[in-house]
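Only one structure is covered here, and it is reproduced in the block below.
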Amino acid sequence: MSRTERKYTTMVAAGQTTGEGWSSRTAFILAAVGAAVGLGNIWRFPTLAGESGGGAFVIFYIGCVFLLGLPLVLSEIFIGRVGQTDAVGSIRKVAQDSNASPSWSIFGGIGAIAAFLIVSFYSVVAGWVLYYAGVMGWDLLQAIMAGDPFRGALVGEDQAQIQQRLGDMFANPRLLLAMHFAFMGLTLYIVARGVSSGIEKAATYLMPAFFVLLVGLVVYGAIEGDIGDAVAFLFTPDWSKLTPQVMNSALGQALFSLSLGVAGLITYGSYIKEKSNLGGTAAMIAVADTSVALLAGLMIFPIVLAVGLDPAAGPTLVFQTLPFAFQTMPAGALFGFLFFVLILVAAITSSISLLEVPTAWGIGERGWSRHKSALIFGVGAFAIGILCLLGYNVLADVRPLGFWSLFENTDILDTIDGFTGKVMLPVGALLTSIFVGWKADANLLRTTTGLSPWAFSLWRFLIAWLCPIAVAIILVTGLFPSILPA
């Protein structure tokens, strides 16, 4: 054994755990679903589905979730369940038990850094949602005070004024800073309280509320919107639109929406203290996450199509297209407010899991207290987020990676988003699939996951062969987009 391996083996033996755990399997599932369900489901999925022509993208996306996303979800939970500590320490523990090199723990470090960087700009974007929730909440209050609580939203504003609000917000650094501060403060408060008193309690209350709001808004869209056209758009495939770019987008969205590659599920999996069917748990997370994405489409597109707006509006769909749509619909003031509350809840549960990853690393690897670790990484992410929000106004001309052609025209936030999404997340997912598929001990995998023989063989094949190839394609095409035919 080399000196490096002896060093890491000693660290495993003396490694620290958080000493915390979920109170039940249900609590873990709620928290894990909350980690996966976020802006990627409510905003990014409808945006990509709209831009990609609907049905063909959606069907291919669902296939990617269950053939690629689900095996990786189970792999991350398995690592955490065995390791019982932060992502780096958990991977090191699995490597030790499998007689593999402890250097594999590097992808846990990549995930922790990626989670830290993502939560920094995620909080800024969630701040936009918080602002719009406030705008719509004030509009609803005015409607109630005027004795007409079921009127349309933003009465008296034309489409140009509604669309201009987004630009005005970007041009106001103080407003962006206040929203970023409020959202990051809430995230930090919950994480600092710990697993049982903070994360689990938040998931226990927020996730049921989220699903009630989601179903209510889907019903509203079905009644007041054009549900027939929306269903046809989302589930009737036009296979001519399934281009290499669309397939690549669907593949990337499947991994992005499940929060894979950032070690979040490894960290959450480490808090499982009792034996359970990890395969069934992973399947429930994948099904819930995919269902939320599809319901988000059934919530948004009936409203957009009913008022004749463009479903391919892109990233402005949520902040410019939908507020105008709610203006023309009955009870638009009420349901417009509830819509942004829904997105805000999804953003909170995801940001908690993102900040928890580096926080757990500080506890497990550095021996810090939870409060100290959460504060260090929370404040650090907040500081990076300030640079991101200033990139829309004061630092609008700054291009952090301008020397790299892939990022030569992207601002600070989009650069961090692009680098983590195109490089760090695929690398983390790729190394996870290779490690679990080729290096982890088969008996350890079998006994920990509790899979039946046929399910275990299928999972091992997918994680060892299909997942590495697919994730490598995402990585290569992300770095060299010209490879894909126009």
**Message:** Tell me whether the range 158-177 contains one or more residues that are crowded, with 16+ Cβ neighbours inside 10 Å and of a type in the set (D, E, K, R).
**Reply:** yes
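Within the range 112-130, identify whether any single residue is over 30 Å from A442 (Cα atoms), of a type in the set (A, V, I, L, M, F, W, C), touching a His at 6+ places or on another chain (Cβ under 7 Å) and assigned to a helix (DSSP H, G or I), and answer yes or no. Steps first, please.
So the first thing to find is which residues in the range 112-130 are over 30 Å from A442 (Cα atoms), and the list is 116-130.
Next cut, of a type in the set (A, V, I, L, M, F, W, C) only: 116-119, 121, 124-126, 128-130.
Now narrow it down to the ones that are touching a His at 6+ places or on another chain (Cβ under 7 Å): 124.
Now drop any that are not assigned to a helix (DSSP H, G or I), which leaves 124.
Taking every residue of the range 112-130 in turn, at least one turns out to be over 30 Å from A442 (Cα atoms), of a type in the set (A, V, I, L, M, F, W, C), touching a His at 6+ places or on another chain (Cβ under 7 Å) and assigned to a helix (DSSP H, G or I).
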**Message:** So if I check each of I386, I434, I412, which one is touching a Cys at 6+ places or on another chain (Cβ under 9 Å), within 25 Å of G264 (Cα to Cα), open to solvent by 40 Å² or more (accessible area, probe 1.4 Å) and of a type in the set (A, V, I, L, M)?
**Reply:** I434
**Prompt:** Quick check: is even one residue across the range 91-112 buried (at least 24 other Cβ atoms within 10 Å of the Cβ), closer than 25 Å to A202 by Cα and among the aliphatic types (A, V, I, L, M)?
**Reply:** yes
**Message:** Regarding the range 322-332, can at least one residue be identified that is in contact with a Pro (Cβ under 8 Å, 6 or more places away or on another chain) and farther than 19 Å from G137 by Cβ?
**Reply:** no
**Request:** For the range 389-409, enumerate the residues that are among the hydroxyl-bearing types (S, T, Y) and either part of a loop (DSSP other than H, G, I, E, B) or crowded, with 19+ Cβ neighbours inside 10 Å (or both).
**Result:** Y392
**Message:** Against the definition (open to solvent by 10 Å² or more (accessible area, probe 1.4 Å) and touching a residue at least 24 places away in the same chain (Cβ under 8 Å)), how does L458 come out, yes or no?
**Reply:** no
**Message:** Could you check the range 291-348 and list, in sequence order, the residues that are outside any helix (DSSP H, G or I) and among the small types (G, A, S)?
**Reply:** G308, A312, A313, A331
**Request:** Among the residues of the range 48-104, write down those that are closer than 14 Å to M247 by Cβ and among the aromatic types (F, W, Y).
**Result:** F57, F60, Y61
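The values are calculated or read from the model by the stated rules, or taken from the named source; none is laboratory data. Here the structure is a predicted model, which is why all the values come from computation and not from measurement. Here Cβ is always computed from backbone atoms with ideal geometry, including for glycine, and neighbour counts include all displayed protein chains. Ligands, DNA and RNA are stripped out before the accessible areas are found, and what is left, the full protein with its side chains, is counted by its heavy atoms. Shrake-Rupley method; radii C 1.70, N 1.55, O 1.52, S 1.80 Å.
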